[in-house]
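**Q** My structure is below; once you've seen it, I'll send some questions.
The values are calculated or read from the model by the stated rules, or taken from the named source; none is laboratory data. Just so you know, these numbers come straight off a predicted model, no measurement behind them. Cβ: placed from backbone, ideal geometry, glycine included. Neighbour counts: every protein chain shown.
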Amino acid sequence: MNAPENPWLSYTAVIEEVRSEIESVTTLTLRLQDEGRAAQYRFAPGQFNMLYVPGCGEVAISMSGPVSDDGNRIVHTIRNVGRVTQAISQLGPDDVLGVRGPMGTPWPMEVLEGRDVILVTGGLGMAPLRPVVYELMREPSRFGRRTLLYGARSPDLLLYARELDAWRSSGIEIHLTVDRADPHWHGHVGVVPLLIDRLVDLAPSNTRMFLCGPEIMMHFSAKSALARGMAQEHVWLSMERNMQCAFGMCGHCQWGAHFVCRNGPVLRYDVAEPFLQVRDL
Ligand SMILES: Cc1cc2nc3c(=O)[nH]c(=O)nc-3n(C[C@H](O)[C@H](O)[C@H](O)COP(=O)(O)OP(=O)(O)OC[C@H]3O[C@@H](n4cnc5c(N)ncnc54)[C@H](O)[C@@H]3O)c2cc1C
């Protein structure tokens, strides 16, 4: 989890692999070109990099791959929504872009030790939680019951669908839901918080929850968790706000008393709750 000494400095990275995930979403695997920086580079699940396309701009993108021992394998899953992400979507193997990071607060993996774990996610929110899934798979004995509640607008928009069987085989209980089913869909239909309402044998005091997705989904999921008896202090969420410097200098992502880039993106629910659903602060 070592931010660069000079947080303004972008290091070039080569694109090693490009994988198309779902419509408009691509996963890139990057390798830092500077061997010294690559050797030092470490991130923790939940952190993000600022990816820079020269002449176009910079965007915050979470790490979506497993924690690695160096900067020779940095994985990002990116939705093409606008100017910079569109430019990134046009890059291919051997192209380079700039990487500034890792930035931000990680998911507090230590609070999951010996606890039941529920990951709750919707849409592209699965990307920042995928490194947590890999950690849950790596040492299952460190945790209690491990559950993933995951929703998408339609079955074809479920991210990493090809990995779900392996996640299940490792003992993770997975409940999927979609807003609109298709004729082949056998899972739930409805919004993600309903999965929390329906969860059988939830042990509230022994459970820790991580939420990531659209703010409205996180808001209602947290409400469902509290209604099931969970404490606010046992729920964490990851916030996405428009950010520029990514280390608490410029104020673009100021959110109440917090800079989402520096105090977040991962925040405890009781800290984040007063500001949720307020678009601009
Ligand atoms: C901590 C953090 C982690 C993120 N992780 C990922 C990730 O793993 N994968 C991914 O695809 N995206 C992620 N994002 C969102 C990503 O940064 C934005 O989609 C990107 O900045 C859009 O830039 P653009 O130039 O392509 O689009 P623009 O042309 O700037 O904007 C296009 C549209 O996207 C909206 N937008 C711009 N910035 C954001 C933002 N930060 N959050 C939400 N909407 C925004 C704009 O309001 C506009 O409607 C993350 C954002 C943050 C803050």
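**Q** Can you confirm whether segment 97-112 contains a residue that is among the hydrophobic types (A, V, I, L, M, F, W, C), more than 30 Å from VAL178 (Cα to Cα) and either away from the ligand (no atom under 13 Å from the Cβ) or in contact with a Leu (Cβ under 8 Å, 6 or more places away or on another chain) (or both)? Don't jump to the end; show me each part of the working.
**A** The initial filter retains those residues of segment 97-112 that are among the hydrophobic types (A, V, I, L, M, F, W, C), namely 97, 99, 103, 107, 109, 111-112.
Still in the list and also more than 30 Å from VAL178 (Cα to Cα): 97, 99, 103.
Within this subset, residues satisfying the condition of being either away from the ligand (no atom under 13 Å from the Cβ) or in contact with a Leu (Cβ under 8 Å, 6 or more places away or on another chain) (or both) are 97, 99.
The answer is yes; a qualifying residue exists.
**Q** Taking segment 149-190, which residues are of a type in the set (A, V, I, L, M, F, W, C), surrounded by 17 or more Cβ atoms within 10 Å (Cβ to Cβ) and over 18 Å from the mean Cα position of the chain (by Cα)?
**A** Matches in segment 149-190: VAL178 only.
**Q** Do any residues in segment 18-31 that are at pLDDT 95 or above have Cβ atoms under 8 Å from those of residues that are more than 10 Å from the ligand (Cβ to nearest atom) and among the aromatic types (Phe, Trp, Tyr), where the two are at least six apart or on different chains, and which pairs are they?
**A** That search, which allows pairs on different chains as well, returns GLU21/TYR160.
**Q** A follow-up question, please. Look through ILE78, ILE61 and report the one residue that is in contact with a His (Cβ under 7 Å, 6 or more places away or on another chain) and either at pLDDT 95 or above or not assigned by TED's automatic domain parsing to the domain that holds CYS261 (or both).
**A** On the way: ILE78 fails: in contact with a His (Cβ under 7 Å, 6 or more places away or on another chain).
When all the criteria are applied, what remains is ILE61.
**Q** Okay, moving on. Determine which single condition PRO204 fails, assuming it passes every other condition in (1) of a type outside the set (Val, Ile, Thr); (2) at pLDDT 95 or above; (3) within 24 Å of SER64 (Cα to Cα).
**A** If we test PRO204 against (1) of a type outside the set (Val, Ile, Thr); (2) at pLDDT 95 or above; (3) within 24 Å of SER64 (Cα to Cα), just (3) comes out false.
**Q** How do the pairs read when you match residues in segment 126-149 that are among the aromatic types (Phe, Trp, Tyr) with residues anywhere that are away from the ligand (no atom under 16 Å from the Cβ), using Cβ under 7 Å and keeping only pairs 6 or more apart or on different chains?
**A** Close Cβ pairs satisfying both conditions: PHE143/LEU112; PHE143/ARG115; PHE143/VAL117; PHE143/LEU136.
**Q** Moving on. Could you tell me which of the residues VAL235, VAL266 is among the β-branched types (Val, Ile, Thr), within 16 Å of the ligand (Cβ to nearest atom) and buried (at least 16 other Cβ atoms within 10 Å of the Cβ)?
**A** Numbers: VAL235 fails: within 16 Å of the ligand (Cβ to nearest atom).
Testing whether each residue is among the β-branched types (Val, Ile, Thr), within 16 Å of the ligand (Cβ to nearest atom) and buried (at least 16 other Cβ atoms within 10 Å of the Cβ) leaves just VAL266.
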